[in-house]
Amino acid sequence: MGSGRHVRDVEVFHTHGQYPSRAVISRSAFEHNLSKARELAGTAEVMAVIKADAYGHGAVPIAQWAIAAGVHWFGIAQLAEAMDVRREIGDGPHILALIAEPGAPFSDAIELGIDLTVSSQAALDEIARAGAENGLAARVHLEVDTGMARGGVQLDQVESIAESLADYQDDGLVEVVGLWSHLACADEPDSPVTAHQVELFEQARSLLAQAGLNPPLVHLAASAGLLWHPQTHYTMVRPGIMLYGLSPNPHVATAHELGLEPVMQLDATVVSVRDVPQGTGVSYGHTAHTATATHLATVPLGYADGIPRAASNAAPVLANGERTPIMGRVCMDQFVIEAPNVCPGDVVTLFGGAPHMPTADEWAEKSGTIGYEIVTRIGVRVPREYADDAANGRK
């Protein structure tokens, strides 16, 4: 049989037989990475970031594991996504929506107990109106733009919005519980940008204090800040990618060097094989030709499933315990590998965390992207299967 089945016991799978692939999500690896984040955070609260369906791992199951491990805070990008997760996991843990568009259902979000980001005066006014409509004070976190030029209140507007926040709080329409920003170059430990952003963040914090606002939750660090910039930890940190066992920057330190364990293992069942002569053109455009007579196998994953087309002729898989690269172009639904002795029904592993397996970061390097994109873009045709795999070697 091909590799993959030996890594995690078949019995942990809840097999979706109609699909020939699966992303196996390891609870013990997630809990291990969460423990690392807590160790680095010290006294700071840990907000587990589960945006983008927990970076492709499944927001609700990951949230449930995190809650069982004592996590009280979650960060989610889009408001609708945050509301969906709240409905699934119920009351209890706090959820902060990092983004909300004009006209978003703020009133419903407030009723669901979602913390809201204030990134402009217009957003604040809209949130306050929603608070007035349903008679509940909206819990808000002010986002300040300290250098991303992407979202948040610019520094020259902080004094004005701080006064509005104070007024709305006095009127019982909002409760200012947080101040946050995001680091642009935290994955470059020697970049001077981070120090400058901290300076601007402190200025914003002072302006809030002058307006009588001292929010208890002050958060600036995501995974890279948590790992490499302890001065950014404040009272809360927002680890994301490191919880899923990937490094924010493998060129600085790999996941293995950081003591992280990949949470996702991506497997697929070989659907067909063929013996071909030397010089056979493979896949669209014949961008690869066989160097000798050889044995080819077809893997039923493609760019419709989130496999980067840029991985063509580059990214490796593990088949029968041996690494072999994709041969030819990645198609919409499948790709080809050269793999002697592989048979239909054998399992190949694209990436995972066991020894000798390719990693998502390797796939990213071969595809000219980052590990975040590799795991996050895995599509809906790939069932997520949740494994408590301590019995298979994880502690």
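The values are calculated or read from the model by the stated rules, or taken from the named source; none is laboratory data. Just so we're clear, the structure is a prediction, and the values are computed from it rather than from any experiment. Cβ: placed from backbone, ideal geometry, glycine included. Neighbour counts: every protein chain shown. Each accessible area value is taken on the protein alone, full model and side chains, heavy atoms only, with ligands, DNA and RNA left out. Shrake-Rupley method; radii C 1.70, N 1.55, O 1.52, S 1.80 Å.
Filtering region 282-312 to residues that are in contact (Cβ under 8 Å) with a residue 12 or more places away in the chain and part of a strand (DSSP E or B) leaves Val282, Ala288, Thr294, His295, Leu296, Ala297, Thr298, Val299. Taken over region 324-339, the residue count meeting the criterion of being of a type outside the set (Lys, Arg) and within 17 Å of Gly279 (Cα to Cα) is 7.
Mind checking whether some residue in region 351-370 is open to solvent by less than 10 Å² (accessible area, probe 1.4 Å), out of contact with any Phe, Trp or Tyr (no Cβ under 9 Å at 6 or more places or on another chain) and within 26 Å of Asn33 (Cα to Cα)? Yes - at least one qualifying residue is present in region 351-370. Would you check which residues across region 120-174 are farther than 17 Å from Pro102 by Cβ, among the small types (Gly, Ala, Ser) and touching an Asp or Glu at 6+ places or on another chain (Cβ under 6 Å) and list them? Residue satisfying the conditions is Ala137 alone.
In this structure, His295 does not satisfy being at pLDDT 95 or above and open to solvent by 70 Å² or more (accessible area, probe 1.4 Å). Taken together, Ile67, Ile25 contain a single residue that is surrounded by fewer than 18 Cβ atoms within 10 Å (Cβ to Cβ) and at pLDDT 95 or above, which is Ile67. For beta carbons closer than 6 Å, sequence separation of 6+ or different chains, a first residue in region 376-395 that is closer than 20 Å to Tyr19 by Cβ and a second that is in a loop (DSSP other than H, G, I, E, B) and at pLDDT 95 or above, the qualifying pairs are Thr376/Gly56; Arg377/Gly306; Ile378/Gly56; Ile378/Gly306; Gly379/Gly306; Arg384/Gly58. Taking the listed residues Gly353, Gly368, the one that is within 18 Å of Ser26 (Cα to Cα) and touching a residue at least 24 places away in the same chain (Cβ under 8 Å) is Gly353, with no other qualifying.
Entry remark, region 207-260: residues being part of a loop (DSSP other than H, G, I, E, B), hydrophobic (A, V, I, L, M, F, W, C), open to solvent by less than 30 Å² (accessible area, probe 1.4 Å) and within 17 Å of Ala37 (Cβ to Cβ) number 7 in total. Within the set Ala48, Ala37, the sole residue that is open to solvent by less than 50 Å² (accessible area, probe 1.4 Å), in contact with a strand residue (DSSP E or B) (Cβ under 8 Å, 6 or more places away or on another chain), more than 30 Å from Glu163 (Cα to Cα) and assigned to a strand (DSSP E or B) turns out to be Ala48. Hey, any hits in region 177-193 for a residue that's part of a loop (DSSP other than H, G, I, E, B) and polar (S, T, N, Q)? So far as region 177-193 goes, yes, one or more of its residues are part of a loop (DSSP other than H, G, I, E, B) and polar (S, T, N, Q).
If I filter region 261-272 down to residues being open to solvent by 10 Å² or more (accessible area, probe 1.4 Å) and part of a loop (DSSP other than H, G, I, E, B), which single residue comes out as farthest from Lys36 (Cα to Cα)? Applying the filter and picking the extreme gives Val271.
The condition of being modelled with pLDDT under 95 and either within 27 Å of Thr232 (Cα to Cα) or in contact with a Leu (Cβ under 6 Å, 6 or more places away or on another chain) (or both) holds for only one of Ala100, Ala128, Ala132, that being Ala100. Within region 313-332, the set of residues being open to solvent by less than 60 Å² (accessible area, probe 1.4 Å) and part of a loop (DSSP other than H, G, I, E, B) comprises Ala314, Ala315, Asn320, Gly321, Gly328, Val330, Cys331.
Counting only residues that are surrounded by 22 or more Cβ atoms within 10 Å (Cβ to Cβ) and closer than 18 Å to Pro239 by Cβ, region 179-196 holds 7 of them.
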